[in-house]
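Report on the structure given below.
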Amino acid sequence: MRFGQRVQVYRNIRKNMFSIIDKKSKRLIIHCNSILLSSVEFKVSAKGRERVLREKQKRIHAYVEGDFVRCEVNNIISNVSKVYYNPYFTENFINTETGQSIFNAKKCYLIQGECFI
């Protein structure tokens, strides 16, 4: 994996880590406990969400897309907001501070199953 590579990241519940996929090839690159991305977009597949709601079974349908900066981030800068997504309660990723849907950000920290901007 190289600096600036466009990746898609999702929370892998079975491994309790983040799975990182190359955007172009759609191939799994690596699993990490934490990752820092820049030029971030938060994406949710509407059809995937509908399927989760209909079948009541977890499926990969939401991810964070961005330019790879580095894995294994130990500390984050202060003044960050937590972002979450739950298909049963929200249609999009939500900024917990504002309660508003969020679709992009300059930077994103994914650390121990949580997302911060």
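Structure data summary
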{"quantity": "Top-ranked residue in the stretch 82-117 [being hydroxyl-bearing (S, T, Y) and part of a loop (DSSP other than H, G, I, E, B); ranked as nearest to the chain's Cα centre (by Cα)]", "calculated": "Y85"}
{"quantity": "S78 being in a loop (DSSP other than H, G, I, E, B) and at pLDDT below 95", "calculated": "yes"}
{"quantity": "Residues (over 11 Å from the mean Cα position of the chain (by Cα) and under 19 Å from G113 (Cβ atoms)) located in the stretch 35-59", "calculated": "V52, K58, R59"}
{"quantity": "Selection count, the stretch 9-47, where residues are farther than 16 Å from V83 by Cα and part of a strand (DSSP E or B)", "calculated": "11"}
{"quantity": "Top-ranked residue of the stretch 60-81 - restricted to ones that are more than 16 Å from N12 (Cα to Cα), surrounded by 14 or more Cβ atoms within 10 Å (Cβ to Cβ) and in contact (Cβ under 8 Å) with a residue 60 or more places away in the chain, ranked as nearest to the chain's Cα centre (by Cα)", "calculated": "G66"}
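The values are calculated or read from the model by the stated rules, or taken from the named source; none is laboratory data. None of these values were measured; they are calculated from a predicted model. Cβ coordinates were reconstructed from backbone atoms using ideal geometry, including for glycine residues, and neighbour counts include every protein chain displayed.
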